[in-house]
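One structure below.
The values are calculated or read from the model by the stated rules, or taken from the named source; none is laboratory data. Remember, it's a predicted structure, so these values are computed and weren't measured experimentally. Every residue, glycine as well, gets a Cβ built from its backbone with ideal geometry; the counts of neighbours run over all protein chains shown. SASA here: full protein model, heavy atoms, side chains in, ligands and nucleic acids out. Shrake-Rupley method; radii C 1.70, N 1.55, O 1.52, S 1.80 Å.
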Amino acid sequence: MITLRPNSPPVRILLGPGPSECAPEVLQAMTRPTMGHLDPLFVALMDEVRTGLRALYRTQNELAFPISGTGTSGMEAVLVNLLEPGDALLVGVAGYFGARLAEIGRRVGARVTEVAGEWGRALGPEDYRRAAAGKRFKALALVHGETSTGVVADLAAMRGVADEFGALLIADCVTTLGGMPVEIDRWGVDGAYSGTQKCLAAPCGLSPVTLSPRALESLAARKTQVSSWYFDLALVRSYWGQDRAYHHTAPIQNVYSLHEALRLLLEEGLEARWQRHEHNARALWAGLTAMGLELLVPERERLLPLTAVRVPAGIDEARVRRFLLEHYSLEIGGGLGSLKGKIWRIGLMGAGSKRANVELVCGALRAALVEQSWKAKDYPLPAVHAFYATV
Ligand SMILES: *Cc1c(COP(=O)(O)O)cnc(C)c1O
C-alpha cells in the first residue's frame, strides 16, 4: 500500500524573491466554500476584482483581470496577443526576466532585438536607441523591477522612447505592483502583467494583466489568430467581461484570496503601501551597509521590494542560506544566471515588508556571516533604528 505523509509545513519567514508572506486574512479567504464559477455571487466578486485591479494599476483600461496562472503566464499572454510572427520586438535584457521576455518573444515568432546591459545596472533610453538603430518596432518590452538583479527601470521615461519606434510599450510589473508606483495610464503603458505572490501578498497562481485601448486596437487588427487558445485574451476577456462565456474554470479560492488582498491593499491605501515598502527597504540598506556589506545596485537604480547584496569574499553563500533556514526559519534568495553564487536577494514584499523583518534579517545575516569568521564592521541595528527615527 502506498501512503503519503500528511503535509504540515513550518511557518517560514519568506524574505526571498517570492513567494512572500500572505496576510492571514488572505490565507483564510482561501478556506471559504467553493461556489460555482458562474454563480451570480461569484460573478459579482469577479467584477470587484476587476475594479480593484484597475485601482491598483492606476488605469481606466477596460481590460484588467487576472490570468489563471503565475506571473509567467501573464508574460506569455501579453506577448502572444500583442505580437504576430514576423513582428519586430525590442526587449531590455539586463537580467533573468528580461531574458525570459526575449525568449518568449522568439517562441511567438517575433524578430527579437535585445538591448543588452550589465546585470545590476539599469538600461537607459540611450541604450534602447542604440540597439534600435533607427528601425521601427511593433513593441518595446521591459522588466520594471528586475527581481534577478534588484534594479528598477525608469518606466515613466519609456513611453517617449517607445513612440520613437512606433512601438507599443509592454512592462513586467510582477515585483513592482503593490510595492512601488506603477502608473499604467500616466506612464502610457499598453500592456502590463504581474503576479499575486510578490507585493500583493497573496498565494501564487494568478497573474493580473491589463491592456490599453491602443493594445486592444492592435489585437483587433491582427492578421493571424492568437496561437494560444488558453491565453487568447479576447476569449478570456469575454469570460471575465460582460458575456461570461465559459472559457475555463477560474480558480475559485485563488480569486477569493486576490479579492481579499486587493481589499486590504485599498484599505491601507496605495501611497501608504508604497511608502511602507520604501521605508523598510531603506532601513534594510542602512543596516546591511553598517555591517560592511555591499549592495549590488547603485542607490538611484535600486528596486525597493528586493535588494541584491554582494557575497563577501571567502563566504560560502549557500551555507549562509542554510544557516538562516535552519536557525531562523528564514528564507532569502541566492543569485540567478551570471549572479549565481555572487549575491543574495532579500525581498521585503507585501505583508513581509515590516520593521520586525528588517531587524530580523540584519541580525540573522550577521550571525550567519560571523559563523564563517567574517568580520562585521558594525552592529546593524543602531543604523536601522537611526533610520526609522528619521521617518
Ligand atoms: C517572479 C517574476 C516573474 C515570474 O513569475 P512566476 O510567478 O514565477 O511565474 C516574472 N517577472 C518578474 C520580474 C518576476 O519577479
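Structure notes:
- Test: T3 is away from the ligand (no atom under 16 Å from the Cβ), farther than 30 Å from R321 by Cβ, at pLDDT 95 or above and not assigned by TED's automatic domain parsing to the domain that holds A261: yes
- Helices (runs of 4 or more DSSP H) fully within the stretch 96-198 that include at least 1 residues being in contact (Cβ under 8 Å) with a residue 40 or more places away in the chain and surrounded by fewer than 24 Cβ atoms within 10 Å (Cβ to Cβ): 96-108, 125-132.
- Which listed residue is part of a helix (DSSP H, G or I) and either in contact with a Lys or Arg (Cβ under 9 Å, 6 or more places away or on another chain) or open to solvent by less than 90 Å² (accessible area, probe 1.4 Å) (or both), from T59, T51: T51
- Complete set of residues in the stretch 23-48 that are surrounded by 13 or more Cβ atoms within 10 Å (Cβ to Cβ), modelled with pLDDT of 95 or more and in a loop (DSSP other than H, G, I, E, B): M30, M35
- Filtered residue count, the stretch 199-211, keeping only those that are surrounded by 24 or more Cβ atoms within 10 Å (Cβ to Cβ), within 11 Å of the ligand (Cβ to nearest atom) and under 20 Å from Y230 (Cβ atoms): 2
- Residue selection: R222 satisfies the criterion of being modelled with pLDDT of 95 or more, part of a loop (DSSP other than H, G, I, E, B), more than 16 Å from the ligand (Cβ to nearest atom) and not assigned by TED's automatic domain parsing to the domain that holds R366.
- Cβ-Cβ under 8 Å pairs, at least 6 apart or on other chains, the stretch 13-29 side assigned by TED's automatic domain parsing to the domain that holds N357, far side within 14 Å of the ligand (Cβ to nearest atom) and modelled with pLDDT under 95: none
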